[in-house]
Amino acid sequence: MTAVLAAQGVACAYGDREALAAFDLAAAPGTVTALLGANGAGKSTALRALARLHKPRHGAILLDGQDVWRLRRRAFVRRVAFLPQTETAPWPMTVEQMVLLGRLPHRGWLLPYTQADRAALARALDQVELQGLGGRDLGSLSGGERRRVLLARALAQDAAVLVLDEPGAHLDLRHQVELFDLLRRLAHQGGTTVVLSLHDLHLAALFADHAVLLRQGRVLAQGPAAEVLSPDLVRAALGVTVEAVPHPRHGVPLIVPVTRREADR
Amino acid sequence: MSDRDRGRRRYGVLVLLLAVVLLASAAGSLLVGSAEIPLRRTLTLLASSQPSLERTILLKLRLPRILLALVVGAGLASAGTAYQSLFSNPLADPFVIGASSGAALGATAAILAGWGWNGGWGIGPLPLLAFGGALATVGLVYLIGAGGSRSSPVTLLLAGAAVSTVVGALVSLLMILHDQSLGVIFNWLLGGLSSATWHDVRYGAPLVGLGVLALRLLSRPLDALALGDDTVASLGLSALGLRLAIVVAATVATAAAVATAGIIGFVGLVAPHAARLLVGGENGRLLPASCLLGALLLLLADDAARTLAAPQEIPISILTALVGGPFFLLLLRRQSRAPGGLP
């Protein structure tokens, strides 16, 4: 199977500080790929490179085999939507206004929004379960709801590829599960390619097809999520003692930390 | 009726209301001035074509002054709205970020050199120099105060204040070195609507209009810009290109306003905030509402400037500073207390 979005030997740096090196990835169509790793391991940098927001020093990012830096920006963002890790509006904005910005790649900056844009808005709000909140001000929403608004903006972009930096951050467990269920459904049934970062290894085991374990800007391991999520690899990547137990219903490996509690006794 | 229709109707009614109030105030302002011309007499004078001193006062002094107040108010308000989105900073306005003083330096240099507005649609040396000066200061303030991802809103304000002070000193120096023109420039710098002529309106209005129109066309990307460069780029726009286009448009409006009426502070700060309370943060609605409010504010301020200490006139910039300054401090205080406010 050919990759939709691929990274080949990508290296990124901020000034002198190397953030990512020899990064390879091949995200297959209709799959969910999870980037895992400690804070500062290079997840966000890798995602920003994949979303054509950070130009690599070396290597190439390919979308359907084409170098993304040779594509026009508009053409790229019609096919790849990005969710930033954090984003704050300095003043009031309505949910509807924010989500409709996701239609900019299609409508451009001048033409008025059309029925198709309204339909995409309604569908996206529906998908993140915020229907009927279009007129609300962002400031009046909870952190989790704001996060889902941003996700709706990415969904309204109608892109074949979703690059999401910690989409589950600030969400409670129910909304996390529903969000990852949605992403998995979009991938497996709709053929969307999803690349995301997250910290919750249980959710990674439950919802990711492919996992990439990053440590200090380098890929420590990647492959099917069930294989990458082994106690040894996770310990090496995160520097914490863990063990794996099989999920009682789904059988996927659940990584659980081992504390000093036993030693204390 | 959906939320959207209701919102649209509310917005339509508000803008219409503002426009009506603005027109009424403009008409009412014809009656304000040191020469007392009662309403009935004013109407008779306007209807007849017989030349008279009072008719001259109405048509050659008061009318251009009113129109200039509207134009300058709208220009400063739309520029303020744009600068606030541009810097993602609710405290920005043409005066605060140094655009006004830069324009003043350019215009002062042009006036001292004896250059004017000539050149058809206002593209003479004076507006060009004012524009160049404003663009240079905004660029400098941007590089110092907003460059890099870690700069805080306060850095921008400090950079604006520092650059304004230096540029203001240069203006003073130019004035002192050419003391025969000192009076002229000093009057103009203090916000000179009192000397407004049709000439100012004819040359200032097209340029302000051009800047305002360009900003209105850029209103949707302006919405995205306040959310950060990554967001702008991930929506398919060039952050750099967009910033340049918006700086140029906002600075054209500022330079034209300053070149015709001198430095008038805080209108560009108060009007956008008042408008945001009325119509929300979407620039497509905010810019028109902000323009109308800015025009209204400056018109009322000018009426006050003409009457409060009659027969003496108070320079309008003193009035706007007296009202706008405390408002600015209030905003600053609220910002620094808000969660996720000034870091």
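Quick look at the values:
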read-out	value
Hits in segment A:114-135 (condition: part of a loop (DSSP other than H, G, I, E, B) and within 9 Å of chain B (Cβ to nearest Cβ))	A:132, A:134, A:135
Options A:95, A:68, A:80, A:99; residue that is closer than 15 Å to residue A:53 by Cα and touching a Lys or Arg at 6+ places or on another chain (Cβ under 6 Å)	A:68
Strands (runs of 3 or more DSSP E) wholly inside segment A:144-254 containing at least 2 residues that are surrounded by fewer than 23 Cβ atoms within 10 Å (Cβ to Cβ) and of a type in the set (Asp, Glu)	none
Qualifying positions in segment A:38-65 - in a helix (DSSP H, G or I) and surrounded by 23 or more Cβ atoms within 10 Å (Cβ to Cβ)	A:43, A:45, A:46, A:47, A:48, A:49, A:50
Failed item, numbered, when residue B:338 is tested on (1) at pLDDT 85 or above; (2) more than 19 Å from residue B:253 (Cα to Cα)	(1)
Any hit, segment B:193-215, residues being more than 17 Å from residue B:70 (Cα to Cα), in contact with a Leu (Cβ under 6 Å, 6 or more places away or on another chain) and not aliphatic (A, V, I, L, M)	no
Residue identified as within 25 Å of residue A:3 (Cα to Cα), of a type outside the set (Ser, Thr, Tyr) and without any contact (Cβ under 8 Å) to a residue 60 or more places away in the chain among A:206, A:201, A:213	A:206
One residue from A:216, A:157 being polar (S, T, N, Q) and more than 14 Å from chain B (Cβ to nearest Cβ)	A:216
Segment B:1-33, subset among the hydroxyl-bearing types (Ser, Thr, Tyr) and surrounded by 12 or more Cβ atoms within 10 Å (Cβ to Cβ), residue farthest from residue B:71 (Cα to Cα)	B:11
Flag for residue B:305 being part of a helix (DSSP H, G or I) and at pLDDT below 90	yes
Helices (runs of 4 or more DSSP H) wholly inside segment B:171-268 containing at least 2 residues that are of a type outside the set (D, E, K, R) and surrounded by fewer than 18 Cβ atoms within 10 Å (Cβ to Cβ)	B:182-189, B:198-217, B:239-261
Enumeration of residues in segment B:188-227 that are of a type in the set (Gly, Ala, Ser) and away from every other protein chain (no Cβ under 14 Å)	B:191, B:192, B:194, B:195, B:196, B:204, B:205, B:209, B:211
Residue satisfying condition, being out of contact with any Pro (no Cβ under 8 Å at 6 or more places or on another chain) and among the small types (Gly, Ala, Ser), within set B:211, B:236, B:228	B:211
Scan of segment B:1-60 for residues that are among the acidic types (Asp, Glu), closer than 26 Å to residue B:279 by Cα and either in contact with a helix residue (DSSP H, G or I) (Cβ under 9 Å, 6 or more places away or on another chain) or modelled with pLDDT of 90 or more (or both), ordered by number	B:3
Filtered residues of segment A:1-37 (kept if within 19 Å of residue A:204 (Cβ to Cβ) and not in a strand (DSSP E or B))	A:28, A:30, A:31
Within segment A:103-132, considering residues that are buried (at least 19 other Cβ atoms within 10 Å of the Cβ) and free of Cβ contacts under 8 Å to residues at least 40 places away in the same chain, the one nearest to residue A:75 (Cα to Cα)	A:104
Residues of segment A:66-98 that turn out to be part of a strand (DSSP E or B), of a type in the set (A, V, I, L, M) and facing chain B (nearest Cβ under 8 Å), as a count	1
Segment A:2-24 residues that are farther than 25 Å from residue A:193 by Cα, paired with ones that are part of a strand (DSSP E or B) and among the hydrophobic types (A, V, I, L, M, F, W, C) (beta carbon under 9 Å, 6 or more apart)	A:13/A:19; A:13/A:20; A:13/A:21; A:18/A:11; A:18/A:12
Matching entry among B:212, B:201, B:171 (being under 21 Å from residue B:129 (Cα atoms) and at pLDDT 90 or above)	B:212
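Every residue, every condition in (1) of a type in the set (Ser, Thr, Tyr); (2) more than 15 Å from residue A:31 (Cβ to Cβ), yes or no:
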| site | (1), (2) |
| --- | --- |
| A:122 | no, yes |
| A:135 | no, yes |
| A:184 | no, no |
| A:193 | yes, no |
| A:204 | no, no |
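The values are calculated or read from the model by the stated rules, or taken from the named source; none is laboratory data. All values derive from a computational prediction rather than experimental measurement. Quick reminder, even Gly has a Cβ in these numbers, built from the backbone with ideal geometry, and neighbours come from all protein chains shown.
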